[in-house]
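Some notes on the structure that comes next.
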Amino acid sequence: MALLAGERKSPVIHQRGADEISSAKRRSRIGYLLILPGFIFLLLFFVLPVFSLLATSLYTKPPGADIGQFAPALQFSNYTDVLSGYWPEFLRSFGFALVATVAALLIGYPMAYLVAVRLRGHALLQGILLVLIIAPFFTSFILRTQAWKQILADEGPVVAVLRAVSLLPPDGRLTATAFAVVCGLTYNFLPFMTLPIYANLERLDTRLIEAGNDLYASPATTFRTVTLPLSMPGVIAGTLLTFIPAAGDYINSALLGNNQDTTMIGQVIDSLFFRVVDYPGASALSFVLMLAILFLVILYVRRFGTKEIL
Amino acid sequence: MPTSPPEDPYLRRLVAAQLTRRRLLAGAGGLSLAGLLAACGTGGSGGTSPSGGAQAVEDLSESEKIVNWANWTLYLDYDDTTQKYPTLEAFTAASGIDVNYSEDIDSNTGYFGKVQAQLASGKDIGQDIITVTDWMADRMIRLGFTQELNHANIPNAKNILANLQDVGFDPGRKHSLTWQSGFAGIAWNKEAVPGGLKTVADLWKPELKGRVEVLDEMRDTMGLLMMENGVNIEENWGTDEFENALDVLRKQIASGQIRQVKGNSYKEDLISGDALAVIAWSGDITQLNFEEGDKWEFAIPEAGGTLWSDNMLVPVASPHKTNAEKLMDYYYDPVNAATVAAYVNYICPVEGAREAMEAIDPELVDNPLIFPTEEYLANVQVVRSLSADEDTEFSSLFQKAIGV
């Protein structure tokens, strides 16, 4: 980015000596060269697959074709078919992702605040807590979700306690419920929420909080008018990093959900692709999911966004 | 390489099928990026290459003494102390052929999704033997994804059990040989269900509400439900019979009787106790009882259970077909087959293995889950072959019914 910024200043440089111009040009060329690997990578592994996805989503099944055989076409009805068939799963996915994101924010923000602000100066303690926040990433996503299944199992300790204090009816359960799916999503994406907020709060100038106190603002007012607005870039990054993968996730709903009211759109795409072998349908759903998330993200960033994000 | 149509009518049909498929794919390649990209993703060239198909592959078995075999997990005798597969070691010692054995396959549909683009364009997938269940073998053979076996290299293939010799999807076993077979039936936690279960309908008892799980493998769950309704699943059942059974499934899911519809992971729910009664695969229960203490019992429901087999296929463009055939021959030797069966606890497809088992583990000789008696076999059926359209229709209905 610094190199590009240098390039933007080039009109100023223009009035100076010829040596400086050529060195600025060289620097801008190096800038482009440095961008090249990222550009090629995205072209190969993002742009081309998206085109492929788009093309496949419009394929048709010719009469008499065997399983997995589709012919190129522009069959837009694929989109209306999957949307009319699976709109409840779409809504549910965004609903679950939203609840999980809010929950992760409520849990993650205080965690980040504690480590970044309250423990400032206690480097060792900060380090330990940061490792603990990241520690779940040291084991596989699927194993962690499996572990939750064992913890929340009908014969497990959590259910036993909840039944004993009558928070759950005697035949109540936690696994195979929407509650378990949202818990799984929250837990699995929590570090994505906590770390960006931590990175932001770490740079928070605590003298501003002191200034707020000096001006007789209550701690709550100081938080609302000073800390929170300053940490918004971290919050936005965290919520995006949580919401986007959570909306497309299917491991949590597959392992912790049931077959009635927890199916998320990722599961449907998986089912259409592998089980029904409906590649156009699965592609159409994926494409709609991408567009829907993009749309929501743009809305969100427009509303709350800061220049540091976009 | 110009090829005139083969004389054998069966082969000719196959070649014709391949040609139409190639046209389809060539069309895909023509549409601009789309076909090209689809091929990019899997490393194939979208079927535009003229050298696709089994005939074009050169067998390098003589010069490359290796065979690559993709199989399911826990499906071959394994020695924990040496961390090796004893029968594979013995095969390599005897034949000089190295085996790259991988447990790559964890579901038929997942594996098909992974390799189908390459196989459709006649590309080598890096495996010389793949092991898939009957209906997937049916699909792959029909799609021309396999090479015809040369039975001259597999003299032991004559040992295949009589009832497996002429299966509907591959009469005469030209493209496939059975690896192991098993049953789908019902299983329950002996402590929680002291009376045991006799029929599929017993799963719907009120006291089991929310503690029942059924398999997400359509043919097994729907096969059992249809048999419960008195349908002969080997015969010509259709949409009506399927829908009737599906209604039962929908109702039990909606009422909360069925907790979840699951693949292999139902085993973990049996262990955790979330599931007390399930539709299960026979070998799983044997292994669970071995690992977790003798807690569960498996039975074929009174109305009947399903019988399925996993089959070894040589994928199109595999350059080590002769080596693959030698390996198949090795495992159709009764002693080797019995050695595997003693470990995996599934039905052994090899005639004579039962006699060989006497010397290996006499206790297993009378185990009906490895060497089923006539009486046992009389009560199990194989789900009939489905056409491509039926397969898509029924899969789609089933997936919708289970909420995905």
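The values are calculated or read from the model by the stated rules, or taken from the named source; none is laboratory data. Owing to the predicted nature of the structure, the values given are computational and were not obtained by experimental measurement. All Cβ positions, glycine included, derive from the backbone under ideal geometry; neighbour counts span all protein chains shown.
Scanning the stretch B:201-227 for residues that are closer than 25 Å to B:S107 by Cβ and more than 23 Å from the chain's Cα centre (by Cα) returns B:L203, B:R211, B:V212. Here the condition is being surrounded by 12 or more Cβ atoms within 10 Å (Cβ to Cβ), in a helix (DSSP H, G or I), within 14 Å of chain B (Cβ to nearest Cβ) and in contact (Cβ under 8 Å) with a residue 12 or more places away in the chain; of A:V115, A:V158, it holds for A:V158 alone.
All of (1) surrounded by fewer than 21 Cβ atoms within 10 Å (Cβ to Cβ); (2) over 27 Å from A:T177 (Cβ atoms) hold for A:P245 with one exception: (2). Being part of a helix (DSSP H, G or I), among the basic types (K, R) and surrounded by fewer than 17 Cβ atoms within 10 Å (Cβ to Cβ) is a property that does not hold for B:K326.
For the stretch A:161-228, which fully contained helices (runs of 4 or more DSSP H) count at least 3 residues that are crowded, with 18+ Cβ neighbours inside 10 Å and within 14 Å of another protein chain (Cβ to nearest Cβ)? Filter on the stretch A:161-228 gives A:178-201.
Need pairs with beta-carbon distance below 8 Å; first residue under 17 Å from B:M328 (Cα atoms) and within the stretch B:92-112, second part of a helix (DSSP H, G or I) and among the charged types (D, E, K, R); sequence gap 6+ or separate chains. That search, which allows pairs on different chains as well, returns B:S95/B:K326; B:I97/B:K326. Of the candidates A:S253, A:S283, the single residue that is of a type outside the set (A, V, I, L, M) and at pLDDT 95 or above is A:S283. Exactly one residue among B:G283, B:G293 is at pLDDT below 95 and out of contact with any strand residue (DSSP E or B) (no Cβ under 8 Å at 6 or more places or on another chain), and that residue is B:G293. Going residue by residue through the stretch B:287-303, is there one that turns out to be in contact (Cβ under 8 Å) with a residue 24 or more places away in the chain and under 21 Å from B:T131 (Cα atoms)? Checked against the condition, which is being in contact (Cβ under 8 Å) with a residue 24 or more places away in the chain and under 21 Å from B:T131 (Cα atoms), the stretch B:287-303 yields at least one hit.
May I ask you to list the residues in the stretch B:347-384 that are part of a loop (DSSP other than H, G, I, E, B), buried (at least 16 other Cβ atoms within 10 Å of the Cβ) and polar (S, T, N, Q)? Across the stretch B:347-384, the qualifying residues are B:N367, B:N379. Of the residues in the stretch A:128-135, not one is free of Cβ contacts under 8 Å to residues at least 12 places away in the same chain and outside any helix (DSSP H, G or I). Within the stretch B:93-116, restricting attention to residues that are among the aromatic types (F, W, Y) and in a helix (DSSP H, G or I), the residue that is farthest from the other protein chains (Cβ to nearest Cβ) is B:Y111. Report yes if A:T263 is more than 15 Å from the chain's Cα centre (by Cα) and of a type in the set (V, I, T), otherwise no. Taking the combined requirement at face value, the residue satisfies it. Of the helices (runs of 4 or more DSSP H) that lie entirely inside the stretch B:161-280, those containing 2 or more residues that are at pLDDT 95 or above and away from chain A (no Cβ under 12 Å) span B:218-228, B:239-254. Summed over the stretch A:40-80, residues that are surrounded by fewer than 16 Cβ atoms within 10 Å (Cβ to Cβ), assigned to a loop (DSSP other than H, G, I, E, B) and in contact (Cβ under 8 Å) with a residue 12 or more places away in the chain total 2. Condition first: within 30 Å of B:D274 (Cα to Cα) and hydroxyl-bearing (S, T, Y). Can you find one or more residues in the stretch A:246-256 that meet it? Within the stretch A:246-256 (the criterion being within 30 Å of B:D274 (Cα to Cα) and hydroxyl-bearing (S, T, Y)), the answer is yes, since at least one residue qualifies.
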